[in-house]
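Structure provided below as structure tokens; questions to follow.
The values are calculated or read from the model by the stated rules, or taken from the named source; none is laboratory data. It should be emphasised that the depicted structure is a prediction, and the values quoted were computed from it without experimental measurement. Methodologically, a virtual Cβ is constructed for each residue, glycine included, from the backbone with ideal geometry; neighbour enumeration extends over all protein chains shown.
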Amino acid sequence: MIPRFLIRWTTLAAIAAAISFSTTAKDVFPGVTAPVFGKRILNLTNFNASGDGVTLNTDAFARAVAALAEEGGGELVVPPGIWLTGPIHLRSNINLHLERGALILFSGDYTLYPLTIINMKGEKEVDSVSPISGENLENVAITGEGIIDGGGDAWRPVKKTKAGDFDWNLLVKSGGVLNAKQDTWYPSAQVRDGEKAVKALRKAHSLKLEDYEPYHQFFRPKLLRLIGCKRVLLQGVTFQDPPNWTINPALCEDVSILNVTVHNSPVAQNSDALDLESCRRAVIRDCTFDAGDDGICIKSGKDAAGRRIGVPTEDVLVEGCTVYHAHGGFTIGSEMSGGVRNVVVTNCTFIGSDIGLRFKTTRGRGGVVENIYISNIRMLHLRSDAINFNMYYAPDPEDRENAHTNFTVSEETPQFRDIHIENVICRGAQKAIVLEGLPEMPIRNIELKNISISSREGVFVTDADGVSFENVHVENKSGPALTQVRVKNSRLELQP
């Protein structure tokens, strides 16, 4: 069972009240409800499972989960060993508990993960079944001190620019195929050819699985995907080597992610550590993330589909986390079309990330990001910017040349407003602060207070309204300390 003394649920209201922003959070942040489990305990070995790293235990996991669910739930113990398996489907009222020394290793055989139709409140898409998944569950947990390995190397392409010469040569010799430019390796031709073919099928609105089957391996699943679940707990476990995103709760409520580690290769494409998507009431505490893409990422759907679903991510606390390699330490976007609001991020450290605090979107997304409170952040040796707002993230090629044109405001226009950042130290970045809104929709009411950054370049503010700097120190090695374009109603004063 879960040691209750290890779990601390704190109301977000208490955290928000402790942060001395000059703009006080107006919203009441509710607490996160913990899952509750029965006392029944079953061991995976009771179902003829073998932890030898060779025997496939898919059926053993399925029978163990079913047996525990029939008895009202409880704890399924995975003891020390290497437990090779195909997909695991979680059930309500079950805690999957990995003892120290337990390693769940998901097979790289993509045929074990059948294509399926993912239904997100009426928005349907084809994808492979995730290694671990659950839908519309209540009281579900993965806990312990073990490791969950997604076997992602068998799925992912690798760009030559991300791999060293030695690793690249090993990849090419291992099999697989290259693209025409010989600069990207794919595990198979169906992965290489899948993007173009699948794009055409989606444009034709096909949901016939047989149409997609020739490109099955192209559909890299999320390692852990939970949809529409209530009272979710992830605690203590290490996740690594996902085919795609690592941890992805979507449309969930009362999510607790505590003392979790994600350890992914920097070359692992799309290997976000955590993507919290359209979730309500979540706490992410004392986690350590190392990823090939974003670290802690808040999302809420993409473009028209995200707006139709219309479920924001809201009432979130991120506290005491450390992020190493990642495209962004803490990120909102770019898929934020359902909105993001009422988020508190405090006492986090980012070391070696590309960007520290990252806010990204583009025209066509729509959605509103507001009431974000960030404090007590430490950053070291960033490869890019300390703080970055980018409203031109990955625009369509035809829009790229006219990126800074003043477009008409519509439901497709994203909005970032009422964002407060306080008590930040960064030692080593390319640019200190980049705040870039849209001509037709400036970023609004951005407050930066008690900031100290050493960087190569200074501060760049474009298309902003109501930006406030208070006690902001920037030590830049080249260029002007502050550059501003189309900024109004703002106080941009840098301290010497």
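Can you tell me how many residues in the range 452-496 are buried (at least 20 other Cβ atoms within 10 Å of the Cβ) and outside any strand (DSSP E or B)?
0
Would you mind stating whether GLU138 is of a type outside the set (A, V, I, L, M), farther than 30 Å from GLU210 by Cβ, in contact with a strand residue (DSSP E or B) (Cβ under 6 Å, 6 or more places away or on another chain) and surrounded by fewer than 19 Cβ atoms within 10 Å (Cβ to Cβ)?
Considered against the rule, which asks whether it is of a type outside the set (A, V, I, L, M), farther than 30 Å from GLU210 by Cβ, in contact with a strand residue (DSSP E or B) (Cβ under 6 Å, 6 or more places away or on another chain) and surrounded by fewer than 19 Cβ atoms within 10 Å (Cβ to Cβ), GLU138 comes out as yes.
Residues of the range 38-91 being polar (S, T, N, Q) and farther than 27 Å from THR116 by Cα, which ones?
ASN43, THR45, ASN46, ASN48, SER50
Still on this structure: Out of (1) in contact with a Ser or Thr (Cβ under 9 Å, 6 or more places away or on another chain); (2) over 27 Å from ARG220 (Cβ atoms); (3) at pLDDT 95 or above; (4) in a loop (DSSP other than H, G, I, E, B), what's the single condition that is false for ASN95?
Only one criterion is unmet by ASN95, namely (4).
Go through VAL126, VAL65 for me and flag whichever is aliphatic (A, V, I, L, M) and part of a strand (DSSP E or B).
VAL126
Next question, about the same structure. Which fully enclosed strands (runs of 3 or more DSSP E) of the range 351-394 have 3 or more residues being surrounded by fewer than 24 Cβ atoms within 10 Å (Cβ to Cβ) and not acidic (Asp, Glu)?
Where strands (runs of 3 or more DSSP E) fall fully within the range 351-394 and carry at least 3 residues being surrounded by fewer than 24 Cβ atoms within 10 Å (Cβ to Cβ) and not acidic (Asp, Glu), they are 368-380.
For the list (1) without any contact (Cβ under 8 Å) to a residue 40 or more places away in the chain; (2) buried (at least 18 other Cβ atoms within 10 Å of the Cβ); (3) polar (S, T, N, Q), I need the number of the one condition that ASN119 fails.
Status for ASN119: all satisfied but (2).
Next question, about the same structure. Tally time: how many residues in the range 194-211 are within 27 Å of the chain's Cα centre (by Cα), of a type in the set (Gly, Ala, Ser) and under 18 Å from PRO114 (Cα atoms)?
1
I would also like to ask the following. Modelled with pLDDT of 95 or more, within 16 Å of GLY333 (Cβ to Cβ) and buried (at least 17 other Cβ atoms within 10 Å of the Cβ) - does that describe any residue in the range 406-413?
Yes, the conditions are met somewhere in the range 406-413.
I'd like to know if the range 68-81 contains one or more residues that are over 26 Å from ASN259 (Cβ atoms), in contact with a helix residue (DSSP H, G or I) (Cβ under 9 Å, 6 or more places away or on another chain) and not in a loop (DSSP other than H, G, I, E, B).
No, because not a single residue in the range 68-81 is over 26 Å from ASN259 (Cβ atoms), in contact with a helix residue (DSSP H, G or I) (Cβ under 9 Å, 6 or more places away or on another chain) and not in a loop (DSSP other than H, G, I, E, B).
For the range 99-123, what are the residues that are modelled with pLDDT of 95 or more and part of a loop (DSSP other than H, G, I, E, B)?
Within the range 99-123, GLU99, ARG100, GLY101, SER107, GLY108, ASP109, TYR113, PRO114 qualify.
Let me ask something else about it. I'd like to check something: does the range 241-248 contain any residue that is over 12 Å from the mean Cα position of the chain (by Cα) and more than 22 Å from GLU135 (Cβ to Cβ)?
yes
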